[in-house]
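Readers should treat all values here as calculations from the given coordinates under stated rules, not as data from a laboratory. As the structure is a computational prediction, the values presented were derived from the model and not from experiment. Every residue, glycine among them, receives a Cβ derived from its backbone with ideal geometry; neighbour counts consider all protein chains shown.
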Amino acid sequence: MRTATRAAREMLAKWNPLDPAQLDDPYPSYALARRQAPVFYNEYFDAWCVTRYEDVLAAVKDTSRLSSREATGSDRVPDELVSLLPNGYPWSEPTLVNNDPPAHTRVRRLVNEAFCRPLIAARESEIARIVEGLIDEFESAEHCDLVSQFAKPLPVIVICRLLGVPDEHAAQVVTWSEAKLGMINPNLDDDTLIALARGQANFYDFCEAFIEEQRTLRHSDTLVRHLLDARSTGDEPVLTQREVISVVAQLLLGGNSTTRRLITNMMLRLNEHPAQLEAIRVDSSLARAAVEESLRHTTSVKGLYRTATATFRLGRVTIPEGARVVVFWASANRDETKFERADEFDIFRPDTERHIAFSRFAHFCLGASLARLEARLALDKLLSRLPDLRLAGTDAYAWEPLALHQGLSRMDVQWR
Ligand code: HEM
């Protein structure tokens, strides 16, 4: 038993999440870890990886010993770019995903008001129109790449409209956010980092100009206006300009590629399970369960980082102060002690909603209601408008080469 554990630890230390077989299916490696070495050190991430459901929950709850300041990677600006990015990246000021309580609580309370579930639900018909408009563009072609022609534009147009950013900037927002995702890679050489980071100076300027414009708009009732107008009892602005820039940047980044991945991962799994797809065609109320099971089974955000602020024990392992930790929601969602037949995709399972794809506690995903709504509407409209929609052959999709996110770079589908 001890030998097996040592062998697993050694194997997991060398585990490369970008290996093509791991991109196709990282779940056997997570399962090995949960069984033999639930918290293990990995060289690729240079971090301690947490894989069991209960340990992941304990880790994300423990905001005092596990800081989120570098949750999405290091914000180091290369020397060559310091003059272009004197204030850091647009998202760098500690606000939401990269902040810890109590400072996090102050920002989150304000943003929560603008992103609460009833306000998002009120935008349902507007989002449905965006979905229909995208389908209009390719319906007559009888085939399309569901990633580039549907799942990519949908969430970015939605988050831009919610914030008041004109549609013409949506494609550029996607480019900035792809570059940011590339920057999460822990092993970037300087040249690659510089290439990815260079464009972020334009993103900073864009957010700043957008916020300035919002400031001048009278009678506007936007989220940004709300953040700018918030005053403390002494009439001081509650958020600094840089904090508002950071919140806007995090919403634009967080609000697009994650939901894109949810939509295509869901369509892929449903195509692999035709009987479940057929059941949703017959009873569209099952779409909600399909969204939840997709979040559990093949979630878009596999994991993110924490940094240990003290030496402490997690499971059977001692995490040293200053060490990096990766919390793997994707593994927690397949924990067989929490979910029966955890590896099976089954929209009828009774325990789906226990998934933690949106995390829990302080950093529970701000956009969860929005992502759920978009995915449900996407599924509903795709099935009603293109009832015969199916994968175009066995080689119709490819996984993106990302260590901490999970989604498709293309998904060729057809219908008649
Ligand atoms: C399927 C879609 C999505 C998934 C799977 C997802 C997943 C997550 C996860 C796991 C976290 C926790 C991060 C951490 O603890 O370090 C998070 C936080 C966050 N998400 Fe999402 N997300 C999705 C969609 C969205 C959308 C649509 C938005 C924007 C409207 C958004 C904005 C955010 C923000 C701002 C945070 C940080 C919240 C905080 O720290 O207070 N996400 N998300």
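Here is the P(r) of region 88-130: all C-alpha pair distances, binned every 5 Å from 0, give 5, 19, 18, 16, 13, 14, 11, 3 in whole percents. Summing charges over all other residues whose Cβ lies under 13 Å from the Cβ of residue 218, with Lys and Arg as +1 and Asp and Glu as -1, gives -1. Centroid-to-centroid, using Cα positions, region 357-375 and region 161-207 are 22 Å apart.
Got a sec? Which residues in region 1-37 would a label at residue 361 touch, if it sits 7 Å along Cα→Cβ and we count backbone N under 17 Å? Of the residues in region 1-37, none has backbone N under 17 Å from the label point off residue 361. Residue 384 sits among other residues whose Cβ lies under 11 Å from its own Cβ, and their net charge, with Lys and Arg +1 and Asp and Glu -1, is +1. What would the Debye equation give as log₁₀ I(q)/I(0) for region 217-318 at q = 0.15, 0.17, 0.24 Å⁻¹, counting only Cα atoms as equal point scatterers? Taken in order of the listed q values, log10 I(q)/I(0) reads -0.87, -0.90, -1.19. Taken over the C-alpha atoms, region 1-153 has Rg and Dmax values of 21.7, 61 angstrom. Compare the Cα positions of 291, 331, 275 along the charge dipole of region 264-387 (+1 at Cβ of Lys, Arg; -1 at Cβ of Asp, Glu; about the Cα centre) and return the one farthest towards the positive end. Highest projection toward the positive end goes to 331.
Note: relative contact order over region 350-416, using C-alpha pairs below 8 Å and six or more positions apart, is 24 percent. In a simple Cβ point-charge model (Lys, Arg +1; Asp, Glu -1; nothing else charged), the chain has a dipole of about 1440 debye relative to its Cα centre. On the principal axes of its alpha carbon atoms, region 75-170 extends 49, 39, 20 Å, with the longest extent given first.
Computed with the Debye formula from one identical point scatterer per Cα of region 41-96, without solvent, the log10 of I(q)/I(0) at q = 0.15, 0.23, 0.24 Å⁻¹ comes to -0.62, -1.00, -1.03. Name the long-range amide H neighbours of residue 405: under 5 Å, sequence gap of 5 or more, or other chain; modelled H, no Pro or chain starts. Amide H neighbours of residue 405, under 5 Å, 5+ apart: 302.
Stokes-Einstein, applied to the Kirkwood radius of region 119-255 over Cα pairs at a viscosity of 1.002 mPa s and 20 °C, places its translational diffusion at 126 µm² s⁻¹.
Think of each Lys and Arg Cβ as +1 and each Asp and Glu Cβ as -1; about the Cα centre, that makes the dipole of region 290-416 roughly 340 debye. Calculated mean residue ellipticity at 222 nm for the chain: -14500 deg cm²/dmol, from DSSP H runs with n ≥ 4 weighted as -39500 (n - 2.57), summed, divided by the residue count and rounded to 500. Farthest towards the positive end of the charge dipole of the chain, among the residues 134, 258, 85, is the Cα of 258, using unit charges on the Cβ of Lys, Arg, Asp and Glu. Rg/Rh for region 288-391 stands at 1.08; both radii use Cα atoms, and Rh follows the Kirkwood definition.
For the chain, DSSP calls about 90 percent of its internal beta bridges antiparallel.
Over all other residues within a Cβ to Cβ distance under 14 Å of residue 6, the charged ones net out to +4, with Lys and Arg as +1 and Asp and Glu as -1. Pairs of Cα atoms nearer than 8 Å and 6+ residues apart set the relative contact order; for region 1-127 it is 16 percent.
As a length-normalised measure over Cα pairs under 8 Å and 6 or more apart, the relative contact order of region 19-62 settles at 24 percent.
Its Cα gyration tensor gives region 342-397 an equivalent ellipsoid; the semi-axes, largest first and in whole Å, are 27, 17, 12.
Loop only by DSSP, 14 or fewer other Cβ within 10 Å of the Cβ. Give me the chymotrypsin sites (Phe, Trp or Tyr not before Pro) in region 345-416 that pass, ordered by residue number. Here the sparse-neighbourhood loop sites are 348, 364.
In terms of overall dimensions, region 194-233 has a Cα radius of gyration and Dmax of 13.6, 44 angstrom. Approximating the spin labels as points 7 Å out from Cα along Cα→Cβ, the residue 275-to-residue 190 distance works out to 5.9 nm.
Across q = 0.06, 0.12 Å⁻¹, the chain modelled as identical point scatterers on its alpha-carbon atoms has Debye log10 I(q)/I(0) values of -0.24, -1.02, in the order of the q list.
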